[in-house]
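A quick write-up on the structure given underneath.
The values are calculated or read from the model by the stated rules, or taken from the named source; none is laboratory data. Because the structure is a prediction, the values reported are computed rather than measured. Heads up, the Cβs are rebuilt from the backbone with ideal geometry, glycines too, and the neighbour counts pull from every protein chain shown. Areas reflect the complete protein model, heavy atoms only, side chains present, ligands, DNA and RNA absent. Shrake-Rupley method; radii C 1.70, N 1.55, O 1.52, S 1.80 Å.
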Amino acid sequence: MNYNKEIYTQKIAQELAPLQQKIVSHSLYNKVNSVEALNAFMEYHVFAVFDFMSLLKALQIHLTQTQLPWTPKGNPITRRFINEIVLGEESDVDQDGKPLSHYEMYVEAMKASNAATTLIEECINHISKGEDIRTSLHAVKAPKAVQDFVNFTFSIIETNEVHKIATVFTFGREDLIPNMFLEIVKGIDRKHIHVNLDKFIYYLERHIELDGDEHGPLALQMINELCGDDSQKWEDCISVSKEALQHRIDLWTAIEQQIEVLQKRQLA
């Protein structure tokens, strides 16, 4: 590995560690202790599941050949990495072996748990009619933290600077979250509920399974390739990653506040 690349890889890890720790130790996790709280979480988080696909597809556009006539493009290892993730995210299989994207799988899990899907489905409907993402989010009155989170993702996509897009993909989407939520959901007392959490557990387990041990190193290899010896690109990686993680923290805090409001109403 190039000396500068090694230094910057270490620098990124060091500078992002405090924000990553805030995410994995966020007090939100202790509040998701009932189906109602879990549903409140899903109603916000589904927008992050949705916008992740656009982040991934942007990488596919930049790093693989999506134009005709086809010609070889980019690093074959990176091509395979991106296409494998697209396959897993866009065309996975559900519990019954039916092909579904992870977004669609998530929405099905929400419906099984009686979480409200109206907001995200109305937003998708606006987008399907040709409205841009910001207008669509505003039209359905999505919570501010959701709008800020998704709009940030698309502001990065719209730069058309692939190293920034890859950075948010690599460092802005934390791998520990599925594991943490799997334990939370399994810990919810399911003897006294009348909804099906199996679909959400399956979604989390598929994420953990598909992430595997090789995706992390391959994502870092992609960053190394895209930034090379360009110190400005590496600095961009650090600043963009920090923004992405802060938006995640803000989203988590907003969800926690919504759960607290619901819990107070139940006690009133």
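Details
- Enumeration of residues in the stretch 12-49 that are basic (K, R) and open to solvent by 60 Å² or more (accessible area, probe 1.4 Å): K22
- Residue match in the stretch 209-221 (condition: of a type in the set (S, T, N, Q) and open to solvent by less than 70 Å² (accessible area, probe 1.4 Å)): no
- Restricting I177, I188 to those that are open to solvent by less than 30 Å² (accessible area, probe 1.4 Å) and touching a His at 6+ places or on another chain (Cβ under 9 Å) reduces the list to I177.
- Residues satisfying the stated conditions in the stretch 72-126, i.e. assigned to a loop (DSSP other than H, G, I, E, B), in contact (Cβ under 8 Å) with a residue 40 or more places away in the chain and not charged (D, E, K, R): N75, Q95, S101, S113, N114, A115, A116, T117
- Members of the stretch 1-43 that are touching a residue at least 12 places away in the same chain (Cβ under 8 Å) and of a type in the set (F, W, Y): Y8, Y29, F41
- Test result for K141, at positive phi and either at pLDDT below 95 or of a type outside the set (A, V, I, L, M, F, W, C) (or both): yes
- In the stretch 231-240, the residues that are in contact (Cβ under 8 Å) with a residue 60 or more places away in the chain and of a type outside the set (S, T, Y): K233, W234, D236, C237, I238, V240
- So A40, is it of a type outside the set (F, W, Y), at pLDDT 95 or above and within 28 Å of V146 (Cα to Cα): yes
- For first residues located in the stretch 201-230 and more than 16 Å from V86 (Cα to Cα) and of a type in the set (D, E), partners that are in a helix (DSSP H, G or I) and open to solvent by 30 Å² or more (accessible area, probe 1.4 Å) and lie 6+ apart or on another chain with Cβ distances below 6 Å form the pairs D229/N4.
- Pairs linking a residue in the stretch 44-64 that is in contact (Cβ under 8 Å) with a residue 40 or more places away in the chain to a residue that is open to solvent by 30 Å² or more (accessible area, probe 1.4 Å) and not in a helix (DSSP H, G or I), with Cβ atoms under 6 Å and 6 or more positions apart or on different chains, are L63/G74.
- Taking the stretch 71-96 as the range and being polar (S, T, N, Q) and open to solvent by less than 70 Å² (accessible area, probe 1.4 Å) as the test, the residues that pass are T71, N75, T78, N83, S91.
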